[in-house]
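The values are calculated or read from the model by the stated rules, or taken from the named source; none is laboratory data. None of the values given here were measured: they were computed from a predicted structure. Surface areas here come from the heavy atoms of the whole protein model, side chains and all, with no ligands, DNA or RNA. Shrake-Rupley method; radii C 1.70, N 1.55, O 1.52, S 1.80 Å.
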Amino acid sequence: MRSKLRIRFYLLLMVTAFCLIPLQLFVHSQNPTSQPLVYYIPVEQTVERGLEAFMKRSIGAALEEGAEHIVLEIDTPGGAVDAAGNIARLLRETDIPITAYVTKDAISAGAYIALNADQIVMAPGALMGSAGVIDSAGNAAEEKMQSYWIAEMEESAKLNGRDPLYARAMADNSVDLPEYNAEEGRFLTLTSGDALDVGYADALASNRGELLEFLQIENAFEKDMEVSFAEQVARFVTHPVVIPILLSIGSLGLVLELYSPGFGVPGIMGLSALLLFFFGHLFAGFAGWESVILFAAGVILILIEIFVPGFGIFGILGIGSIIGSMILASYSTVNILVSLLIAVVITTIVSILIFKYFGYRGPMKKIVFTGATTTEEGYITNVTRKELVGQIGKSITPLRPSGMVLFGSDRLDVISEGGYIEQGKNVEVVYTSGSRIVVREIKEKLQREE
């Protein structure tokens, strides 16, 4: 028995060893120790907080694998100032040499990121500059922000001994540089040749081979850092323009779901939009699970308020929890509050239009009472005695204008049509509605009968 166990044990060890050998060969082939490792990190599309999270992961991976050099392949139209500032800080704190390789355009925040690299190499025909700060409406930012940004551009240029004048001209259109097509009133944008002339480009390189030749790195093992699908989604949904759209779709979808019977397309769209919002911010590292838990608690509290009314307390707590969860998940309190305001306005307008023209349907019937009790459906509060109309009776009390009249053997409370009627007068029923019986005195008719 023991010998069989030993044989099985040795067989297990051999199988494990044979499985590990290919894995080790694969790892060594991915990062051979005999070759210098060069990491290529793409800096593309809009600079936002999703790109910042990707840069953190990429530089962290380069450090773990012992990369000798990091190359940022830049082609971006710019983006958010705060994200660019965090990326620049990340580059400054990294010990590995970093080269900014401008393959096409390094505009605005892209130029700022390039200036924070150890050296800049540009492809022929590439552009760098035009870094004026604008707000979300496309207008020039306030003077305070412009002053900060200009100072940042100048300091970044000084990091590696570049003339800060050109960095200032990229962000300040009052600088007059007509020789570079940046006369007063225009931001400076350097071509690859101009950048080489003013010392903002250390070299020109048409491809990676020429770049590595300039960097004097021979027999390099090159590794491309790729943006994963999840990171692409995160970058998209954390964009400042996309956030209010997602929140509007989310709130509208849930409101329309209350209007339509069953759980269908509106509800799925609303939940998907909100899940995308939290997924993107979670993956980008801006949110923690506490924000998701707080959001779920808010939804539960609102449902409790809908189906078990609590004088508005649960509803207020639920709305507060949802808003708090989104603020916790967001990287900018101002941005998320503006996005929420936009979503609330859009949802309110659309909801009013829907309820006005289509009424209340689906689960909304449980929330808003729209029913009515009618006599046609058998609901009767007071019987309307229509058979009394035209009958004649005698007042047994004065009518002032209400009183009592005797109809045969029935004593009924009535109301006079024309005012005071004395006791003992003959009256005729002219109208009935529920318990209301209206009578009129009939002197002339009785006289003719007599």
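Distance from the alpha carbon centroid of region 230-251 to that of region 156-213 works out to 34 angstrom. When ligands, DNA and RNA are left out and all protein chains stay put, how many square angstrom of accessible area per residue does region 104-243 have with a 1.4 Å probe? Each residue of region 104-243 exposes 49 Å² on average to a 1.4 Å probe.
Counting only DSSP beta bridges with both residues in region 63-221, what percent are antiparallel, rounded to the nearest 5? Mind dumping the intermediate values first?
Details: 5 of 20 bridges.
Restricted to region 63-221, the bridges split so that about 25 percent are antiparallel.
Rounded to a whole number, what % of the accessible area of region 119-230 do carbon and sulfur atoms account for, probe 1.4 Å? Let's see the in-between values first.
Numbers: 2690 of 6000 Å².
Carbon-and-sulfur percentage of accessible area, whole number: 45.
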